[in-house]
1. Which of the following residues is more than 19 Å from P73 (Cα to Cα), among the aromatic types (F, W, Y) and either surrounded by fewer than 23 Cβ atoms within 10 Å (Cβ to Cβ) or touching a residue at least 12 places away in the same chain (Cβ under 8 Å) (or both): F136, F159, F122?
2. Quickly run through the stretch 83-114 and pick out the residues that are in contact with a His (Cβ under 8 Å, 6 or more places away or on another chain) and touching a residue at least 60 places away in the same chain (Cβ under 8 Å).
3. Any chance the stretch 75-97 includes a residue that's at negative phi and part of a strand (DSSP E or B)?
Amino acid sequence: MAKIALVIAQEGFRDEEYFDTKKALVNKGVDVLTVSLKAGKALGKLGGAATADLSIEDMDISGLDGIFFIGGPGASVFFHDDRAHAILRSAYDSGKLIGAICAGPATLAYAGLLKGKKTTSFSGVADILRSSGALFTGKDVETDGRIITSDGPSSAYKFGLAIADALQNRI
């Protein structure tokens, strides 16, 4: 069974982007680990509550097939987070899938992983992606090799399906 991590802000993750993405993945048989700044309760922008299985500091990517950052107003906590950048670079360098939805792709951009890659995101961070050398398409979901990005809440379930499909194609 494939296993991925969804990384959410402790406060202000976008509810649909987490819950709908996770639902699509679980429906396709993917094991989902939830990660945040610390283990325990995390609160969504719209009032939803999630439980982070562990902190990003304690995350070990060796047993994972991919890592994906969820957007929302709280996602900016990871934009300049050295640990998040190191995890993403290590995951990508070791052949794993990476990605993000909504504002989350800015974390990938700041980690230096989007240069020359087709990407999409929430329009509010599109300039960050472009300035990092990404080829911004504005699509609802974009896959370029092992990088999967999405534009926001209305595409969250489709984002989860794209991740599940990419995992299936790897196995």
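Read-outs: derived from the displayed coordinates by stated rules, not from any lab. The shown structure was predicted, so the numbers you read here are calculated from the model rather than taken from an experiment. All Cβ positions, glycine included, derive from the backbone under ideal geometry; neighbour counts span all protein chains shown.
1. Going through F136, F159, F122 in turn, just one is more than 19 Å from P73 (Cα to Cα), among the aromatic types (F, W, Y) and either surrounded by fewer than 23 Cβ atoms within 10 Å (Cβ to Cβ) or touching a residue at least 12 places away in the same chain (Cβ under 8 Å) (or both): F136.
2. Those that are in contact with a His (Cβ under 8 Å, 6 or more places away or on another chain) and touching a residue at least 60 places away in the same chain (Cβ under 8 Å): none in the stretch 83-114.
3. Yes, the stretch 75-97 contains a residue that is at negative phi and part of a strand (DSSP E or B).
Okay, residues lined up against (1) over 17 Å from F159 (Cβ atoms); (2) without any contact (Cβ under 8 Å) to a residue 24 or more places away in the chain:
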residue: Q10; (1), (2): yes, no
residue: R14; (1), (2): no, no
residue: V26; (1), (2): no, yes
residue: S36; (1), (2): yes, no
residue: A42; (1), (2): yes, no
residue: I67; (1), (2): no, no
residue: G71; (1), (2): no, no
